[in-house]
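Notes to accompany the following structure.
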Amino acid sequence: MKTNWHDKMNFGMHFDLHANKTDTELGAKITHENLKRALSIIDPDWIQCDCKGHPGMTAWETTFGTMAPGVIKDAMRVHADVCKELGIPLGMHYSGVWDTAAIAKHPDWEVLGPDGKVYGNAMNSVCPFSPYYDELMIPQMIELIDKYDVDGFWIDGDCWGVQLCYCDKCKSSFKEKYGIEAPVRETGEAFNWHVNNYKENTAEFDEDWYNWTEFHRQLFLANVQKYTDAVHARKETCLVISNWLYTYGCPIEETVTTDYISGDLSPVLGLKSAALEGHFLTSRIKDWDLMVWAFLNDSKDMTGWTAKNITHLNQECAYIAACGGAVMIYETPHRNGLLTDWHCEDYRKIGKFIKERAKISRHTESVPQIAVLHNPKDFFTEASESAFKIDINHPSHHKGTGAIQLLLENHYHFDIVMPSMLKGKYNDYELIIINDQYLFDAEFVKDIEDYVKAGGKVLISGVNATRTFSNLLGVEGKGLYEENFFVQSLDEVTAFRPLCRQVEVNTAKVFRYVMDQQIIDEDETSVPAITFNDFGKGKVAGVYFNIFSQYSNLLYPRVRDLVKEIIDGLDCNFMISDIVAPSYVHFILREKDNKIIVNLMNTGSVSSSLARPSMVEHVPTVSEIKFKIKLDKKPSYVEIAPSQININDCYKDGYLNITVNNLDVLESVVIYK
Ligand SMILES: [Zn+2]
């Protein structure tokens, strides 16, 4: 078996420049000595440097493409030599589908929009049938291996750079395969598609559109496989990844033989992005890392970038480590190749902090507790006019981000899974949550019914999803409630936006009714908002509106309490109970061999409320966290890591009673059974 050096990596640095036609001093100031000094300060496990960004101009003298006019010195030679000397692997940042220079040279390689003209947006993507791969990308990759003996390729601008191509070749191939013309969709049409097409008795599905995007996904994957094979054939140990492939925004089966999964997180919403991806990638077969941007801005445009501070970066990096991934930091060097000294000093501190923590959870497994659904058909139907969608702010992500926030803030641990990932694993989970999705095949609907019959617990939410599972929920649909409404949460009431599906209960019991105002026992309508139903040996909760999608931007604490009430009502047998901790402390559970790891991840941030700052300045220390873990017998050893505080004397009557004091960012309770 070939060696995958990435398996041993915990902390890496990524340097990219996107060399372009305005550059005048590329590599001018880089020397063997100053790069070696900078890397010795940071002490990364591996690095990636720029060789070709989206402008398509190379930082090295290439036989095949367009070298950037401003290359003064071969910075890649310096990187290759220094990495060899320091014994650290060197990966290449190389832009894939998006290559502006290639398209300038070969205008017929560019994708065409529905009107038969180029899209004319910021991206210059190649048509999947163009000779780009054979004539440029693969020859350049081979050239890089031969010339610099590189250890990996991190292919940027790849799945997320795919634009649907309406050239004659793409359209005719699609028609040949599917027997229909290529459909056209207006930008932004997707999100409201489900609601606009709501029918009580049928699950409407835009099959033509799904097939058109699937056609492009398959063409893209074939090209990824082609360049991956070419690289592996030239140098077996040279690893290949396609940026964002197989992440949450790319929920497809792992068919291509890339070597691991990687993605660069949202620069401004890095923590949210890490939480979403970390809880999804853990269910993938391939190993993974995530890359944190070392800088941010106010999101308004592409200017005003400033370096994140250590506190901010520690928090984002720690989340990735807690979920079992390797961590990368993305830094931009100066155009002349110099790195900024004080940045390097910061990365050294962050690297030390992360390496200590990453080794605790790397190559461990998530403890199955709750499965949150990520259904490719729903996702790709809502992904606007794209074949893939990685934008965490896009409405197609809200059902996922809303669900993870609601669960994490209630201290539940979960995995985000595609239906295919549940095959053979249903009974590992205490609870399955079907969050506002409904385009499931009959086999999945039956599997869920069988799971509940055998004693499983399911929470089904959403206007459409509750229709797909009416039988399981013990209700019958009666149309839609289209006003703003309220629902009781504990002894108070919280607000929601339309729509709510109107149902009549058959075997179900109503837990909460839709309220038209906020006085409890006075303003309830006759429309059920939340129900419970016993089914076989199991139990099902139905929430007849999109509670998870709405929460993504609402973040109303009473909605969080309401979801806890619903999950409590399902009587699940979770490993951890009696938790006393602030809502911003997430519990991330891992296991391996005879070890259970409870990662306590502090996602808090304290600042003035005058405005919402994008920089995390101060993470509030949590003075005390308490919880119980059910265990059959007294464990052999319990400690808090990495600080190595022994807490052995906490087992009593079948439970570990754990107290953790003074949590800063991430500490792990490690239990050796
Ligand atoms: Zn095409």
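Overall shape of the range 328-478 was characterised from the C-alpha gyration tensor. The equivalent ellipsoid obtained from it has semi-axes of 39, 20, 13 Å, in decreasing order.
In straight-distance terms, cross-link reach from Lys377 covers every one of the lysines whose alpha-carbon lies under 19 Å from its own, apart from those fewer than eight places away in the same chain; here that gives Lys199, Lys389, Lys399, Lys423, Lys446.
The local environment of Arg362, defined by Cβ-Cβ distances under 12 Å, has a net charge of 0 under the rule Lys, Arg +1 and Asp, Glu -1. Listed by chain and number, the lysines whose alpha-carbon sits under 18 Å from that of Lys673, ignoring those within fewer than 8 places in the same chain, are Lys592, Lys595, Lys628, Lys630, Lys633, Lys634, Lys652.
Of the listed residues Arg497, Arg217, Arg467, the order by accessible area with a 1.4 Å probe, largest first, is Arg497, Arg467, Arg217. Remark: the range 663-671, residue by residue, has Karplus-estimated 3J(HN,Hα) of 6, 8, 10, 8, 10, 10, 8, 10, 10 Hz, where x stands for each Gly or Pro and the curve is 6.51 cos²θ - 1.76 cosθ + 1.60 at θ = phi - 60°.
Spread over its residues, the convex hull of the C-alpha atoms of the range 570-673 is 131 Å³ per residue.
Helix 341-361 and the longest principal axis of the Cα set of the chain meet at an angle near 50°. The residues Tyr178, Tyr227, sorted by heavy-atom accessible surface at 1.4 Å with ligands and nucleic acids left out, run Tyr178, Tyr227 from largest to smallest. Within the full protein context, the accessible area of Val162 is estimated at about 20 Å² for a probe radius of 1.4 Å. Sorted from greatest to least, the principal axis extents spanned by the alpha carbons of the range 523-614 come out as 48, 44, 21 Å. Report the calculated FRET efficiency for Asp134 and Thr22 (r = Cβ-Cβ distance, R0 = 25 Å), to the nearest 0.05. FRET efficiency, Asp134 to Thr22: 0.25.
Counting only helical runs of four or more DSSP H residues, what would the 222 nm mean residue ellipticity of the chain come to if each run contributes -39,500 (n - 2.57) and the total is spread over all its residues?
Using -39500 (n - 2.57) per qualifying helix, the result is -8500 deg cm²/dmol.
Our summary gives the range 547-616 a relative contact order of 18 percent, counting only alpha carbon pairs under 8 angstrom and 6 or more residues apart. Shown here are the Rg and Dmax of the Cα trace of the chain, at 25.8, 78 Å. His413 exposes around 10 Å² of accessible area when a 1.4 Å probe is run over every protein chain in place. The Rg/Rh ratio of the range 479-539, with Rg taken over Cα atoms and Rh as the Kirkwood radius over Cα pairs, comes to 1.00.
The range 462-507: which GluC sites (Glu not before Pro) are DSSP loop and have at most 14 other beta-carbon atoms within 10 angstrom?
Glu482, Glu483
Among the protein heavy atoms of the chain, carbon and sulfur supply 49% of the accessible surface, probe 1.4 Å, non-protein parts ignored. Near the amide H of Ala529, within less than 5 Å, lie the amide hydrogens of Arg512, Tyr513, Val514, all on another chain or at least 5 residues away, with H placed in the peptide plane.
Shape summary of the range 401-456, radius of gyration then Dmax from alpha carbon positions: 11.9, 33 Å. Normalised per residue, the accessible area of the chain is 39 Å², obtained with a 1.4 Å probe and no contribution from ligands, DNA or RNA. Take every Cα pair under 8 Å whose residues are at least 6 apart in sequence, average their separation, divide by the length of the range 547-673, and the relative contact order is 27 percent.
With everything on Cα atoms, drop me the angle between helix 557-568 and the longest principal axis of the chain, reported from 0 to 90° to the nearest 10. Relative to the chain, helix 557-568 is tipped by roughly 70 degrees. Among the lysines of the range 271-374, pairs that are 8 or more positions apart or on different chains and have alpha carbons within less than 28 Å of each other number 16. The accessible area of Glu85, taken with all protein chains in place and a 1.4 Å probe, comes to roughly 100 Å². For the range 91-189, the list of trypsin sites (Lys or Arg not before Pro) that fall in a loop by DSSP and count at most 15 other C-beta atoms within 10 angstrom reads Lys117. Mind checking the angle between helix 168-178 and the chain's longest principal axis? C-alpha axes, 0 to 90 degrees, to the nearest 10. Approximately 40 degrees, to the nearest ten. Largest accessible area first, the listed residues Phe129, Phe485, Phe532 line up as Phe129, Phe532, Phe485 when surface is computed with a 1.4 Å probe on the assembled protein chains.
Which of the lysines could a cross-linker bridge to Lys105, judged by Cα under 28 Å and excluding same-chain residues fewer than eight apart? Those lysines meeting the cut-off are Lys21, Lys52, Lys73, Lys117, Lys147, Lys169, Lys171, Lys226.
Placing a label point 7 Å from the Cα of Phe205 along the Cα-to-Cβ direction, the residues of the range 445-464 with a backbone N closer than 19 Å are 445-450, 461-464.
Using the Cα coordinates of the range 1-68, the gyration tensor eigenvalues translate into equivalent-ellipsoid semi-axes of 26, 18, 10 Å, sorted from longest to shortest.
The values are calculated or read from the model by the stated rules, or taken from the named source; none is laboratory data. From a predicted model like this one, the values you see are computed outputs, not experimental measurements. Cβ atoms come from the backbone with ideal geometry, glycine included; neighbour counts cover every protein chain shown. For the accessible areas, the whole protein counts, side chains as well, though only heavy atoms, and no ligand, DNA or RNA atoms are used. Shrake-Rupley method; radii C 1.70, N 1.55, O 1.52, S 1.80 Å.
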